[in-house]
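Worksheet: one structure, shown below.
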Amino acid sequence: MQTPKEIVASLDRYIVGQYEAKRAVAIALRNRYRRSRLLEEIREEITPKNIIMMGPTGVGKTEIARRLAKLVNAPFVKVEATKFTEVGYVGRDVDSIIRDLMESSIRITKNAKYEKVRLIAEAAAEQRIVELLSPHKKKNTRQTTSPFMQLLNGGSNHEEPKPTEQEREQFESSKAKLLEELRAGKHESDIVEIEVEQAQQQSDAMFAIGVDIGDMLGGIIPKRTKLRRVTVKEARKILTLEESDKLVDMDEVIREATENAEQNGIVFIDEIDKIIGGNGVSGPDVSREGVQRDILPIVEGCTVSTKYGPVKTDFMLFIAAGAFHVSKATDMIPELQGRFPIKVELTALSLDDYARILTQPENSIITQYAELLLTDNINLSFTDDAIRAIAKYAVEANETNENIGARRLHTIVEQLLEDISFNAGGDHPMIDVNIDEKYVTEHLNKIDVAADLSKFII
């Protein structure tokens, strides 16, 4: 487990500035590790110190939480507080937050289990593909020997004649040759017919209460299958997944995933300021205080029913975030305030911050566009003064229009490179394109930055 300083350093690779917020989440994450090393009697008394991040749109609140979860490979779910309604109103219930988190935990745990059995599953899948490709494969492989079916068929049960010793040797030799060719990368585009499970339709109401009809009736009603014609390459993926499912104990997956969600789960509640009074919004369709009171038990610690069983929320880490333009964190109901003891204010982005965001993070905006155009033989580069000019336009656009923070950089760069992106493509040699301050000025001065760029904002 990384130290708080190491966690902050890892977050610095992707997020510019906001040291106080990074510091707070790093300490919260490290405290989880510290808690896990305590004796059980004291460990059960220590709950996570939940965090509220306050700051304008686009300064890194969501990215900090998302990167934090990826850093430790923890179950993570991001929700918007405005999507939930008080019990009795039409909308999502707050318990669905924990169900979504549990699905994330199941996915993480299954992937980890699959990786452990990957080599065995791939070998089994290859053997099945060899059987499908073999010219000596048995006919009518779906024939049943069920006594009931024999009765329906007049008691007849025709069996294929047993192969001779020579035929068996030829068959095994053919399979060995096919397996060798398969591992050499041959037959990837060949078409085979495989049997796959048919997806079961389920109503939204069943999903909402965490009930999986397929799981409930799986032992009574056999799963429906259908034949699909796919390439060997695609069949390899499908069959490897099927073989992995056979090798993995699902009960163990559920047990480990539940423990992982309960002890390491991270819930990010965005736009929490929108369900806080003080912004003058009211109406019969939603009660903001009611949503807060519904969220309270989950943050406080309760047990939520899911299709995988009960899940406790006592030790999950909750991170809330909002712009808080009108309302304040102190406008929350007192009970909920007490469950978010750590309050961090993120600062607005400066001109220097915008310039650093363009180039500094791993897979930065400039890097992304350069890599995209490189696929069309366009070698794109930017001068330092061009980067500064783009940052300046971003600041001006956010000041004259709605402030969307660093997201504005995407809109500006998209507009700046629109002509290059449109004309790129086709069979031509590598072309070097250098973007300087003059190019930026010529292409962005001809538009109304505050208005014209709004068409790129979703």
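The values are calculated or read from the model by the stated rules, or taken from the named source; none is laboratory data. None of the values given here were measured: they were computed from a predicted structure. So basically every Cβ, Gly included, is an ideal-geometry build from the backbone, and we count neighbours across all protein chains shown.
Restricting attention to the stretch 299-325, and to residues there that are aromatic (Phe, Trp, Tyr) and part of a loop (DSSP other than H, G, I, E, B), which single residue is nearest to GLU80 (Cα to Cα)?
PHE324
Given the conditions (1) within 21 Å of the chain's Cα centre (by Cα); (2) closer than 21 Å to GLU300 by Cβ, which single one is not true for ARG43?
(1) is the only condition that ARG43 fails.
Would you point out the residue of the stretch 335-362, among those that are surrounded by fewer than 20 Cβ atoms within 10 Å (Cβ to Cβ) and among the acidic types (Asp, Glu), that is modelled with the highest pLDDT?
ASP352
Take SER327 and decide whether it is at pLDDT below 90 and in contact with a helix residue (DSSP H, G or I) (Cβ under 8 Å, 6 or more places away or on another chain).
yes
Would the stretch 36-43 turn up any residue that is touching a residue at least 60 places away in the same chain (Cβ under 8 Å) and over 29 Å from ASP331 (Cα atoms)?
Yes: the stretch 36-43 contains one or more residues that are touching a residue at least 60 places away in the same chain (Cβ under 8 Å) and over 29 Å from ASP331 (Cα atoms).
Of all residues in the stretch 42-71, how many are under 26 Å from ASP353 (Cβ atoms) and assigned to a loop (DSSP other than H, G, I, E, B)?
Within the stretch 42-71, residues that are under 26 Å from ASP353 (Cβ atoms) and assigned to a loop (DSSP other than H, G, I, E, B) number 6.
Answer yes or no: is there a residue in the stretch 173-184 that is more than 25 Å from ARG236 (Cβ to Cβ), at pLDDT below 80 and not charged (D, E, K, R).
No: zero hits.
Go through the stretch 373-396 and give me each residue that's over 18 Å from TYR439 (Cβ atoms) and not polar (S, T, N, Q).
Matches in the stretch 373-396: LEU374, ASP376, VAL395.
Identify all residues within the stretch 54-76 that are within 22 Å of the chain's Cα centre (by Cα) and of a type in the set (A, V, I, L, M); write none if there are none.
Result: VAL59, ILE64, ALA65, LEU68, ALA69, LEU71, VAL72, ALA74.
A quick yes/no check of all residues on (1) part of a loop (DSSP other than H, G, I, E, B); (2) surrounded by fewer than 13 Cβ atoms within 10 Å (Cβ to Cβ); (3) at pLDDT below 90:
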{"position": "ASP100", "(1), (2), (3)": "no, no, no"}
{"position": "GLU126", "(1), (2), (3)": "no, no, yes"}
{"position": "GLU131", "(1), (2), (3)": "no, no, yes"}
{"position": "LEU151", "(1), (2), (3)": "no, yes, yes"}
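With the condition kept exactly as written, say whether any residue in the stretch 80-87 is over 29 Å from ARG407 (Cα atoms) and not in a helix (DSSP H, G or I).
Looking through the stretch 80-87, at least one residue is over 29 Å from ARG407 (Cα atoms) and not in a helix (DSSP H, G or I).
Could you check, for the stretch 244-257, whether at least one of its residues is at pLDDT 90 or above, closer than 20 Å to LYS116 by Cα and not in a helix (DSSP H, G or I)?
The answer is yes, given that some residue of the stretch 244-257 is at pLDDT 90 or above, closer than 20 Å to LYS116 by Cα and not in a helix (DSSP H, G or I).
Hey, among the residues in the stretch 185-230 that are within 30 Å of the chain's Cα centre (by Cα), hydrophobic (A, V, I, L, M, F, W, C) and farther than 28 Å from VAL304 by Cβ, which one's modelled with the lowest pLDDT?
Applying the filter and picking the extreme gives VAL196.
Just to be sure I understand, how many residues within the stretch 25-47 are surrounded by fewer than 22 Cβ atoms within 10 Å (Cβ to Cβ) and either touching an Asp or Glu at 6+ places or on another chain (Cβ under 7 Å) or not charged (D, E, K, R) (or both)?
Looking only at that region, the number is 10.
Residue by residue, here is whether (1) within 29 Å of PRO56 (Cα to Cα); (2) surrounded by fewer than 17 Cβ atoms within 10 Å (Cβ to Cβ) holds:
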{"position": "SER364", "(1), (2)": "yes, no"}
{"position": "LEU380", "(1), (2)": "no, no"}
{"position": "ALA386", "(1), (2)": "yes, no"}
{"position": "ILE404", "(1), (2)": "yes, no"}
{"position": "LEU409", "(1), (2)": "yes, no"}
{"position": "GLY426", "(1), (2)": "no, yes"}
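Filter the stretch 421-447 down to residues that are over 15 Å from ARG388 (Cα atoms) and hydroxyl-bearing (Ser, Thr, Tyr), then give me how many there are.
Residues meeting the conditions: 1.
What pairs can you find where one residue is in the stretch 187-204 and farther than 30 Å from LYS175 by Cα and surrounded by 12 or more Cβ atoms within 10 Å (Cβ to Cβ), the other is modelled with pLDDT under 80 and of a type in the set (A, V, I, L, M), and their Cβ atoms are less than 6 Å apart, with a gap of 6+ or different chains?
Every condition considered, the pairs that remain are GLN202/ILE213.
Out of (1) part of a helix (DSSP H, G or I); (2) in contact with a helix residue (DSSP H, G or I) (Cβ under 8 Å, 6 or more places away or on another chain), what's the single condition that is false for ALA74?
(1)
When you scan the stretch 428-450, do you find a residue that is at pLDDT 90 or above, surrounded by 15 or more Cβ atoms within 10 Å (Cβ to Cβ) and in contact with a His (Cβ under 6 Å, 6 or more places away or on another chain), even just one?
No, because not a single residue in the stretch 428-450 is at pLDDT 90 or above, surrounded by 15 or more Cβ atoms within 10 Å (Cβ to Cβ) and in contact with a His (Cβ under 6 Å, 6 or more places away or on another chain).
Identify, by number, the condition in (1) at pLDDT below 85; (2) crowded, with 19+ Cβ neighbours inside 10 Å; (3) closer than 22 Å to TYR19 by Cα that ILE64 doesn't meet.
Going through the list (1) at pLDDT below 85; (2) crowded, with 19+ Cβ neighbours inside 10 Å; (3) closer than 22 Å to TYR19 by Cα, ILE64 breaks only (1).
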